[in-house]
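Beneath this line is the structure, given in structure tokens, with notes to follow.
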Amino acid sequence: RRALDVLARGVLAADSFRLSPALQRKLAPDFNERGEALFGGEGPVATDYSIIGIVLDMQRTLLAQLMSDGVASRLLDSEGKFERTAAGRTDAFRVSELYERLTREVWSELGGAADIPAPRRELQREHVNRLASMLLRPSASSRADSRSLLRTEAQRLLVRIGAATQRGGLSAEARAHLADSADTLNQALQAKLQRGGV
């Protein structure tokens, strides 16, 4: 939980990577590498330093790791290693807690009144695409509990997105993003899952 707190605040939160516009204008690509790439026949090279792209790559990598089947399996296996209280509960960190926390951090703008900026829309699309992919094409190593929890999380997120589209303060881009995300989740939830051996 402490590790997830650090990752959520430092990488996934909306204010994790705040750089002033003045500093962003001063950032530039390495023009020596750009020249080598052009003369080496590697095609067009960006002339702008994309801090958004670098941050998004970091966030994508983190989401891929935290939503992986390996992490889900380790969390499910670890539940039996904690002592139970008299009420039959444990203090184990559960897969449901992980998925809920990831959704809450990635989609934090749904509860506010402000617009959803472009970098956040990119991260949210990555989260939705990953959810849909795991629902439609679960790997052979995915566990039944993690699949059912992902489905539940997708259903809850769909309701939250629907509620957010009713409020004001959203740009045309944010509204289109929410509509596209809702459509992706709807299609993934309604699709028939091909189960092995059936």
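What follows draws every value from the coordinates through simple rules; no lab data is involved. Remember, it's a predicted structure, so these values are computed and weren't measured experimentally. FYI the Cβ positions are ideal-geometry reconstructions off the backbone, even for glycines, and counts take in every protein chain you see.
Observations, loosely collected:
- For peptides 103-111, 54-62, sequence by mean Cβ density within 10 Å, most packed first: 103-111, 54-62
- Using the average count of surrounding beta-carbon atoms within 10 Å as a protection proxy, the listed peptides 1-8, 154-161, 170-177 rank, highest first, as 154-161, 170-177, 1-8.
- Point-charge dipole on Cβ atoms (K/R +1, D/E -1) for the stretch 130-176, about Cα centre, debye to 20: 60 debye
- Spread of Cα-to-Cα distances over 5 Å intervals beginning at zero, given as percent, for the stretch 65-150: 2, 13, 21, 20, 16, 12, 9, 5, 2, 0
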